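What follows is a single structure, written as structure tokens, with notes after it.
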Amino acid sequence: MNSFEDLGVPQNLLNKLAAQGIDEPTPIQCKAIPKALDGRDILGLAQTGTGKTAAFVLPLLAQVLKIGGKREEKSVQSLILAPTRELAKQIDTTIKAFVEGSHLRVRLAIGGVSISGQIKRLSKGSDILVATPGRLIDLLERNAVRLDDTKFLVLDEADQMLDLGFIHSLRKIADLLPENRQTMLFSATMPKKMSELASSYLSDPIRVEAAPSGKVADKITQSIHFVSKQDKNKLLTDLLAHHKSELAIVFSRTKHGAEKLLKTIINSGCSAVSIHGNKSQAQRERALDSFRSGKNKVLVATDVAARGLDIPLVKHVYNFDLPNVAENYVHRIGRTARAGSDGCAIAFCSSEEISELRTIQKILGTSIPVASGKPWIDFDAEMRTRKNSKSRTKRRWNRKKFTDSSKKKNSFASPHKSHRGRSGKATLVA
């Protein structure tokens, strides 16, 4: 299948795709869309920047557009949950581009903005509600929405919802949903905790996988600088100075660190903005709009920007601080090399970040090429040492099993040795 028409996407949505210049489905879309159109629950795994959003939006819209009838007050026909405001807003924008001119009501419910306006808009019922779990719980507690008639549920970047501690909210929401529904769960990584969430939400799901968990896009060039903590600022500003005309995202581990970095970058002569949890929603939106338009070339961010942000012109991603959660490295660098473009992912590693680097490279299954500095650890040598150690342990264990087996066998043997003479008859030798 090499076209959306072959996948079963209806003509009205094909027209919208053509208007947006999208004519060829990605691997995850090829695998997920036909199964989703058949009504199956989907467990989708694909690396960032491969079109996961359209993989669930297109089959969802195809089915919702067929459903007529009057909407009941406060009802929600389709629910899409996302872990961050930025991702939820982006999904909302994507859907509205597809349903423009249709009868569908698409609503957005996220924190950081007035809840009263959201309550008013939701009162007339919604065909599709895109929400963050925390704000949805607030709305449910105020009796502003009903989920008893929800026919479709999508969990996007569900593993991050677990990392952000939304598991209790998700369980509350699950209890309010009807059992007879279609559910799609998508993520770029699939940690072990995901199995609990999948078993709670999905019924006999089809697993669709476009790339192994932890695999990054082929067009991302990775590199790492081994640098002391106090020298990171100078290295960053020197590197940024080499591509002042190109968009770059710099990831900091903390909100306070992001603000300090922002001042450092601006003082070096680069135009920059920041987003993190201490910023209001309006401030975050203004910063993203300024960065997306190219007015400011550098975006300093915490992991609120690690997922879902689709800004095709981002050329460079800097991991100024390595993330505490190794999977977030994959998501962070997935902000570049979008829609078939190439990009660079540059990481800084101080001596205090050895354990983070070790875990990241274990997930990647390879070492990141060294751009400068002396490695604090030799990952490849460490892997060889571990492999050899396991082999030695295995050999020792096999020898021990053989020795124990021999001892056990001999312990049951006769105290006399059996010997056969030339006649073939056995004689006992004392």
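Overview of results
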quantity	calculated
In region 279-296, the residues that are part of a helix (DSSP H, G or I) and out of contact with any strand residue (DSSP E or B) (no Cβ under 7 Å at 6 or more places or on another chain)	Q281, A282, Q283, E285, R286, D289, R292, S293
Positions within region 66-84 being within 17 Å of I95 (Cβ to Cβ) and either touching an Asp or Glu at 6+ places or on another chain (Cβ under 9 Å) or free of Cβ contacts under 8 Å to residues at least 40 places away in the same chain (or both), in sequence order	K66, I67, R71, V76, Q77, S78, I80, L81, A82, T84
Check on S169, touching a residue at least 24 places away in the same chain (Cβ under 8 Å), touching a Pro at 6+ places or on another chain (Cβ under 6 Å) and surrounded by 13 or more Cβ atoms within 10 Å (Cβ to Cβ)	yes
Selection from region 100-117 of residues that are without any contact (Cβ under 8 Å) to a residue 24 or more places away in the chain and polar (S, T, N, Q)	S114, S116
Number of the condition not met by D231 [criteria: (1) modelled with pLDDT of 95 or more; (2) of a type in the set (D, E); (3) assigned to a loop (DSSP other than H, G, I, E, B)]	(3)
Residue selected from region 54-107 under the condition of a type in the set (V, I, T) and outside any helix (DSSP H, G or I), by the criterion surrounded by the fewest Cβ atoms within 10 Å (Cβ to Cβ)	I67
Breaking point among (1) outside any helix (DSSP H, G or I); (2) assigned by TED's automatic domain parsing to the domain that holds N324; (3) in contact with a His (Cβ under 9 Å, 6 or more places away or on another chain), for T189	(2)
Candidates I333, I360, I354, filtered to the one that is within 16 Å of L239 (Cβ to Cβ), modelled with pLDDT of 90 or more and assigned by TED's automatic domain parsing to the domain that holds T237	I333
Only listed residue being part of a loop (DSSP other than H, G, I, E, B) and not aliphatic (A, V, I, L, M), chosen from G44, G21, G117	G21
Qualifying residue in region 157-166 (condition: in a loop (DSSP other than H, G, I, E, B), modelled with pLDDT of 95 or more and surrounded by fewer than 22 Cβ atoms within 10 Å (Cβ to Cβ))	no
Of residues in region 120-138 being charged (D, E, K, R) and outside any loop (DSSP other than H, G, I, E, B), the one surrounded by the fewest Cβ atoms within 10 Å (Cβ to Cβ)	K120
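The values are calculated or read from the model by the stated rules, or taken from the named source; none is laboratory data. Values in this document were obtained by computation on a predicted structure and should not be read as measured data. Because the Cβ atoms are built from the backbone with ideal geometry, glycine has one as well, and the counts that use them run over all protein chains shown.
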